[in-house]
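The values are calculated or read from the model by the stated rules, or taken from the named source; none is laboratory data. What you see is a predicted model; the values in this text were computed from it and never measured. Accessible surface areas use protein heavy atoms only, side chains included; no ligands, DNA or RNA. Shrake-Rupley method; radii C 1.70, N 1.55, O 1.52, S 1.80 Å.
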Amino acid sequence: MGCDIHTSCERNVNGRWIAVNVNPEAFDWRSYGLFGFLADVRNYSFVPPLAPQRGVPSDVCPETIDHIGLGDYHSCSWIAMSELLSFDYDKTFEDRRTTAQIAPNAWYGAADAGKGNGFITTFRDFLGRGFFEELKRLQAAGVERIVFGFDS
């Protein structure tokens with residue numbers, strides 16, 4: 001069974017958070033590398049997370065509560081667009097995700113290569129072009145923060 005992210009985008013207007021309708025949802029693809037970066041979820045690559053899991057903001061807007069269904073998902077958190085836009089994506093880290101054979105004709109794609117046995121990559125290369133295209137799209141829509149949770 002896989003894991004997916006569920007997001008709600010918000011902007012602050014006169015001290016109150018309101019929903020920003022973006023379609024499709026922000027980060028509407030399954031990427032365990034991205035999930036590790038955003039929230040340390042399914043972090044098979046051991047990517048350093050952008051921020052610790054923060055839970056749901058106390059001032060979250062009602063539309064986000066309705067959309068995310070806060071009790072339905074785990075590892076709920078939020079990230080400010082300013083954090084995503086100011087991060088140094090040219091920094092490097094060791095991606096330790098590898099594939100291991102677990103039985104004849106059976107492979108496990110989330111094995112740990114072990115510290116020092118992975119490969120050095122930049123966050124930019126690790127997250128890929130689509131991530132940066134998504135940031136531009138969200139910024140153009142006026143998104144100021146993304147609230148999210150994960151299923152399974």
Could you grab the relative contact order for region 2-61? Cα pairs under 8 Å, six or more apart, rounded to a whole percent.
27
One point scatterer per Cα, no solvent, Debye formula: log10 I(q)/I(0) for the chain at q = 0.10, 0.19 Å⁻¹ comes out as -0.38, -1.19
Taking region 32-93 and dividing mean pair separation by its residue count, relative contact order in percent (alpha carbons under 8 Å, at least six apart):
26
Which order do you get for S86, S152 if you rank them by accessible area with a 1.4 Å probe, largest at the top?
S86, S152
On a 0 to 90 degree scale, rounded to 10, what angle separates helix 129-140 from the longest Cα axis of the chain?
10
Accessible area of the chain with a 1.4 Å probe: how many percent of it is carbon plus sulfur?
49
Across the alpha-carbon set of region 90-140, Rg over Rh with Rh taken as the Kirkwood radius works out to 1.17
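Could you provide, to the nearest whole Å², the per residue accessible area of region 30-152 with probe 1.4 Å? Display every interim value, and only then the final one.
On the way: 6450 Å² over 123 residues.
Using a 1.4 Å probe on heavy atoms only, each residue of region 30-152 averages 52 Å².
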